[in-house]
1. Taking the residues in region 148-171 that are of a type in the set (Val, Ile, Thr) and farther than 16 Å from residue 55 by Cβ as candidates, determine which candidate is farthest from the chain's Cα centre (by Cα).
2. Restricting to region 172-195, give me the number of residues that are part of a loop (DSSP other than H, G, I, E, B) and over 14 Å from the mean Cα position of the chain (by Cα).
3. Looking at this structure, is residue 96 surrounded by 11 or more Cβ atoms within 10 Å (Cβ to Cβ), more than 24 Å from residue 179 (Cα to Cα) and at pLDDT 95 or above?
4. Quick one: would you say residue 109 is within 16 Å of the chain's Cα centre (by Cα), basic (Lys, Arg) and on the phi < 0 side of the Ramachandran plot?
5. Test residue 169 against the criterion of being basic (Lys, Arg), buried (at least 18 other Cβ atoms within 10 Å of the Cβ) and part of a strand (DSSP E or B), and give yes or no.
6. Mind checking which residues of region 109-137 are open to solvent by less than 50 Å² (accessible area, probe 1.4 Å) and either of a type in the set (Val, Ile, Thr) or part of a loop (DSSP other than H, G, I, E, B) (or both)?
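The values are calculated or read from the model by the stated rules, or taken from the named source; none is laboratory data. None of these values were measured; they are calculated from a predicted model. Positions of Cβ are backbone-derived with ideal geometry, glycine not excepted, and every protein chain shown enters the neighbour counts. Protein only, heavy atoms only, side chains kept; ligands, DNA and RNA dropped before computing areas. Shrake-Rupley method; radii C 1.70, N 1.55, O 1.52, S 1.80 Å.
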Amino acid sequence: MSQDLDDNYRIAYDNRAGFGKRPALVLIDFAEAYFDPDCVLYAGVDGALASALRIRAVAHEQGIPVILTEVTYQKGGLNGGRFFEKAKPLASFVQGQKTAVFAQGLVPRDDEIVVSKQYPSAFFGTSLASTLTAMGIDNVVLTGLTTSGCVRASCVDSMSHGFITTVVREACGDRHPAPHEANLFDMNAKYADVVSEEEILDFFRSLGPERNTDD
């Protein structure tokens, strides 16, 4: 039965969008909360961060824009709305909490864009879509945490805003393998291409470090 379902999905959803001409790399919510064993959000996702950092390094070598997102709330979650009310662990992202800062090894550079957000999607309530459009970006490459939450939400919104969307498997993480795999499967079926780290690095390197933005 499982094989029949897999075949059914391949018949219905077996298309690849491919890559664009002007990609941007987005690192979603790599916060200390997910790496601190004492934090309720601890997820043991060191491999995802290591992968994202390798991709980030090549993106900079090739002149590809890099965007970092962070979740940040005022004291008491005043600006968190229903999301903060529902998801109690979001208290880990209140300004001043040690778990709210970027994870060790991820220090924003002066040439990177930092997007602060209060909701799952990197696009909802932020200027990200407008910024990417102004930069001429046609392909959003997503990495980050967590696969079933903010990565999934950002993926759907990226596609909905008209960007070719790519998700890098090794550079995304979740606290549980089942929602991680299920959401990678679903994103690949309907909203994005889920690719390997090796594939995205090959694509980035194929663009060359000096690209004419007028092409």
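1. This residue is 164.
2. 2
3. No, not satisfied.
4. Taking the combined requirement at face value, the residue does not satisfy it.
5. Criteria met by residue 169.
6. Within region 109-137, 112, 115, 118, 120, 121, 122, 123, 126, 131, 136, 137 meet the criteria.
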